[in-house]
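Please read the structure below before turning to the comments.
The values are calculated or read from the model by the stated rules, or taken from the named source; none is laboratory data. Predicted model only: the values in this text are computed from it and were never measured. No Cβ is skipped: glycine too gets one built from the backbone with ideal geometry, and neighbour counts run over all protein chains shown. Note: accessible area is taken over every heavy atom of the protein model, side chains too, but ligands, DNA and RNA are not part of it. Shrake-Rupley method; radii C 1.70, N 1.55, O 1.52, S 1.80 Å.
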Amino acid sequence: FFFFFFFFFKQKTAYEIMPSLVGSEMCIRDRYMGIVPAATFIVAGIATQLFYTSSEEAIIHCNAGLLSVSMAVLLGFADCVLNLKWRYKLIMPFFASLPLIVCYSGHTNIKVPHFLRGLLGPWTSIGVLYYVYMILFTIFTTNAINIYAGVNGIEVGQSLITATGVAFYNGLELSRIPLEQTEERFFHIFSLSLILPFIGASLALFKYNKYPSQVFVGDTYTYFAGMVFAVVGILGHFTETLLLLFIPQILNFLLSLPQLFGIIHCPRHRLPKLNQETLKLECVSNHFTLINAFLRISGPTSEAQTVNGLLLFQVVSCIAGLSLKCHLSNLLFGPVTTE
């Protein structure tokens with residue numbers, strides 16, 4: 001996948017594909033190039049079904065996940081073309097999540113901490129509330145990357161780091177789970193079969209999207225990436241662990257709440273300000289995002305330094321999240337198991 005995209009982008013940069021789609025290299029998001037990795041991921045996902053010929057249920061889950069991803073890509077493209085308002089962008093992923101939610105046939109139980117097991121037992125079923133949780137989880141992941149964007153490479157970079165954390169977690173669980181527990185192992189194998197093509201496609205895209213960008217990904221890629229994470233988290237049965245890899249996105253979401261819900265005016269693009277004299281990014285006080293919070297703390301920095309600092313924070317957060325998962329799970333629930 002990496003070499004395919006390397007060849008594609010080497011042959012056709014955004015300037016050659018459509019000059020009108022390319023803006024400044026500083027703080028401008030293009031709209032359409034996310035379709036390319038999304039399309040290749042979908043083809044790769046279809047190809048993985050060759051390995052599931054003995055399991056009808058696995059094929060159903062794979063098709064449902066790919067359908068949700070396809071609908072998210074369409075939503076992202078529509079957002080680029082129609083400039084959807086924030087209230088619609090927050091709700092529309094619900095419809096894209098329906099194929100994934102309808103086909104879900106896993107448990108609706110949650111594991112109970114040691115100190116509550118005398119009252120509730122080791123597991124308790126929350127029934128339909130679990131489906132509500134999965135819908136909200138999908139809406140969050142689909143929007144989380146979309147609203148944490150605006151500087152060259154941040155969208156693809158954060159997705160790559162998080163996806164690498166997902167792949168590492170799956171590998172860790174596969175090394176821990178005994179071979180005879182085939183169902184548990186299958187969840188993580190299935191997750192790996194989707195996240196690895198995503199990493200390959202995104203890695204090649206990042207080569208051309210990092211600062212200074214030659215291609216720009218736009219909302220199409222952010223919705224696509226968010227839905228991929230929702231699919232691997234839900235069908236891999238580790239949504240709680242995935243949230244621990246989304247610490248920067250959660251912080252950005254919490255900072256954004258006053259504007260997302262209309263308490264404070266929310267502009268279409270909440271970007272930092274580029275100082276034309278110093279060519280450094282500066283914080284905009286009424287743009288409540290993690291990027292602006294970073295600039296408020298660090299002071300004006302170049303775009304490359306800003307992105308590198310934010311991606312370093314993503315790496316540290318993913319390491320901390322996985323460490324917290326292991327230690328907190330052992331403390332509250334005993335040995336680590338798949339949710």
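As a calculated quantity, the FRET efficiency between LEU257 and ALA320 at R0 = 22 Å, using C-beta atoms, amounts to about 0.45. Net length available on complete extension from HIS107 to ALA39 is 21.4 nm, with 0.36 nm assigned per residue and the Cα-Cα distance removed.
The slack in the chain from GLN276 to ILE91, taken as 0.36 nm per residue of separation less the alpha-carbon distance, amounts to 62.9 nm. Beyond 32 Å in Cα-Cα separation lie the following of the pairs LYS85/LYS325; LYS89/LYS210; LYS273/LYS325: LYS85/LYS325; LYS273/LYS325. Between PRO300, PRO178, PRO212, the GNM of the chain built on Cα springs shorter than 10 angstrom shows PRO178 fluctuating the most. Annotation: extensible slack from GLU183 through TYR133 equals 15.7 nm (criterion: 0.36 nm per residue apart, minus Cα-Cα distance).
Ranking VAL102, MET71, MET92 by how far each Cα lies toward the positive end of the dipole of the chain (charges on Cβ) leaves MET92 at the top. Under a Gaussian network description of the chain, with springs only between Cα atoms under 10 Å, the residue in GLU303, GLU282, GLU56 that fluctuates furthest is GLU56. The separation of region 161-219 from region 265-326, counted between C-alpha centres, amounts to 24 Å.
Think of the chain as having a plus end and a minus end, set by charges on the Cβ of Lys, Arg, Asp and Glu; of ASN292, SER159, ILE135, ASN292 sits farthest toward the positive end of this dipole. Within the chain, the whole DSSP H helices whose Cα atoms reach 27 Å or more along their own axis and whose mean Kyte-Doolittle score is at least -1.0 are 56-82, 154-176, 182-209, 303-333.
Working from Cα pairs under 8 Å separated by at least six residues, relative contact order for region 125-240 is 41 percent.
Annotation: HIS265 carries an accessible surface of approximately 140 Å², with a 1.4 Å probe and no ligand, DNA or RNA atoms counted. Each of the peptides 99-112, 160-173 was scored by the mean count of other Cβ atoms within 10 Å over its residues; in descending order, highest first, they stand as 160-173, 99-112.
Peptides 240-251, 144-155 ranked from most to least packed give 144-155, 240-251, packing being the mean of other C-beta atoms within 10 angstrom over each peptide's residues.
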